[in-house]
Amino acid sequence: MKFKEISSLIPELLSGAMGLPIDSVQAQPPGNPRPDLRVRLGEYSFVVEFKHAGTAEAVGAGVRTLARYRTVADDLTIPLLVVPYMGDVGRRIAENAGLSWLDLSGNASIRATGLNVRLLGRPNRFPRRGKPRTLFAPRGSRIVRHLLLHPNEHFSQQELWRATGVDKGYISRHVRSLAEAGLVTRECGSSDRKTNRIRAKDPDLLLDVWAEVYRFEDHRIWRGAMASRSGEETLTRVGETLTNLRVVHAFTGLVAAWLYSSYASFRLVTAYVKDSLPVASLETAGVREQSAGANVWIVVPNDDGVFHGSNVLDGTRCVSAVQTFLDLKAQPERAAEAAQELRRSALPWSMR
């Protein structure tokens with residue numbers, strides 16, 4: 001949509017949400033340092049910042065921009081962030097910042113003295129096509145994973161470089177983007193930028209932002225079926241096969257969730273392998289390539305960072321609880337329940 005259409009639609013949606021007539025609208029051309037719109041409805045005046053997406057980055061940028069107007073706002077002047085559609089993560093970022101918002105799909109959360117408007121549940125009218133830009137591409141994920149594995153620690157960029165192997169220039173740019181989205185904090189001991197120390201601002205929120213955009217299918221997945229009497233037997237046989245082949249591997253998904261939290265039995269066994277798929281050896285071990293009814297997934301990751309933070313649990317190497325939580329998003333059976341139990345029991349910083 002063009003800015004002219006957007007600037008006409010916002011007052012109409014705001015008027016409908018508030019149940020008040022539009023008294024005045026003042027629009028600014030795109031790129032102007034002043035608010036995109038000023039809208040007056042009865043006794044309430046809104047300064048409006050529009051962002052073209054409800055991503056963590058865009059919402060974080062909107063929070064920062066609107067913070068400049070709060071110094072001149074009073075009880076009846078409300079900074080308002082508007083996006084095409086506000087998802088769960090964007091909503092949490094806005095509400096953590098105490099910011100009112102509206103989306104072009106008809107949802108809203110507007111709060112001020114004597115005012116509480118909350119409209120939720122309307123579907124996204126503006127789904128984005130293609131693969132969106134994300135803070136969680138493979139190199140960026142290495143940084144985020146390390147911060148989540150050590151949620152109470154602060155790291156210098158030098159320490160992040162040593163821990164993740166990501167080049168220093170990328171780390172600097174990525175940390176800046178994470179900070180602008182309100183996902184990390186940077187503390188300085190002096191004016192020297194090298195003393196900046198980074199920590200996850202809200203590990204729960206950071207994990208949710210990542211989970212919202214995480215795509216297990218971005219990895220290379222080989223699906224097969226093995227005749228066995230239980231998930232534990234499948235796990236043992238797959239583990240022995242990979243170990244005998246000296247294939248670097250770590251289990252994830254329902255298997256890892258079971259080993260971390262002892263929650264729910266499993267049928268599907270999922271393992272990451274490093275470098276290549278040992279298809280011929282798996283078939284010799286009795287695992288036949290088969291999509292329907294598969295009980296074995298062997299996965300070549302799009303980045304070896306998935307192995308960072310792996311643990312040996314009851315003799316079985318598993319990816320970290322953080323990586324397991326993400327991977328459960330694509331698993332069948334009782335994966336959603338297993339993810340919540342894993343979050344409660346194996347991610348002790350989680351409040352959800």
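Pairwise alpha-carbon distances in region 147-266 exceed 22 Å for 54% of all pairs. Judged by the ratio a/c of the largest to the smallest principal axis of the C-alpha gyration tensor, region 309-348 counts as prolate, that ratio being 1.5 or greater while a/b is larger than b/c. Across every pair of non-identical alpha carbons in region 256-338, the mean reciprocal distance, once inverted, gives a Kirkwood radius of 13.8 Å. Computed with a 1.4 Å probe on the full set of protein chains, the accessible area for Lys51 sits at about 40 Å². Once you divide the Cα radius of gyration of region 203-352 by 2.2 N^0.38 Å, the number left is 0.98. Could you please state how large a percent of the accessible area of region 194-352 is carbon and sulfur, counting protein chains only and using a 1.4 Å probe? Of the solvent-accessible surface of region 194-352, carbon and sulfur hold 46 percent.
Would you mind working out the accessible area per residue for the chain, using a 1.4 Å probe, and quoting it in Å²?
Numbers: 17040 Å² over 352 residues.
Accessible area per residue, the chain: 48 Å².
Relative intensity of region 263-304 on a log10 scale, I(q)/I(0) at q = 0.14, 0.19, 0.34 Å⁻¹, equals -0.37, -0.66, -1.23, per a Debye sum over C-alpha point scatterers of equal strength in the absence of solvent.
Evaluating kT/(6 pi eta Rh) at 10 °C and 1.306 mPa s, with the Kirkwood radius of region 110-158 over Cα pairs in the Stokes-Einstein relation, gives 103 µm² s⁻¹. Dipole magnitude for the chain: about 680 debye, using +1 per Lys or Arg Cβ and -1 per Asp or Glu Cβ, origin at the Cα centre. Rounded to the nearest whole angstrom, the semi-axes of the ellipsoid equivalent to the chain, taken from the Cα gyration tensor as √(5λ), stand at 45, 23, 17, largest first.
With the highest mean first, a sort of the peptides 144-150, 121-127, 306-312 on other beta-carbon atoms found within 10 angstrom per residue produces 144-150, 306-312, 121-127. Using just its DSSP H runs of length 4 or more, each adding -39500 (n - 2.57), the chain gives a mean residue ellipticity at 222 nm of -11500 deg cm²/dmol after division by all residues.
Once the convex hull of all Cα atoms in region 34-165 is built, its volume per residue stands at 149 Å³. Overall, region 215-352 carries a charge dipole of about 180 debye about its Cα centre when +1 sits on the Cβ of Lys and Arg and -1 on the Cβ of Asp and Glu, all other atoms neutral. Only lysines eight or more places from Lys201 in sequence, or on another chain, were considered; those with a Cα closer than 30 Å are Lys51, Lys131, Lys168, Lys329. Ordering Trp210, Ala227, Phe251 by Cα displacement along the dipole of region 203-260 toward the positive end leaves Ala227 in first place; charges were set at the Cβ atoms of Lys, Arg (+1) and Asp, Glu (-1).
The values are calculated or read from the model by the stated rules, or taken from the named source; none is laboratory data. Predicted model only: the values in this text are computed from it and were never measured. Don't worry about glycine lacking a Cβ; one is built from the backbone with ideal geometry, like all the others, and counts go over all protein chains shown. These accessible areas exclude ligands, DNA and RNA; they are computed on the full protein's heavy atoms, side chains included. Shrake-Rupley method; radii C 1.70, N 1.55, O 1.52, S 1.80 Å.
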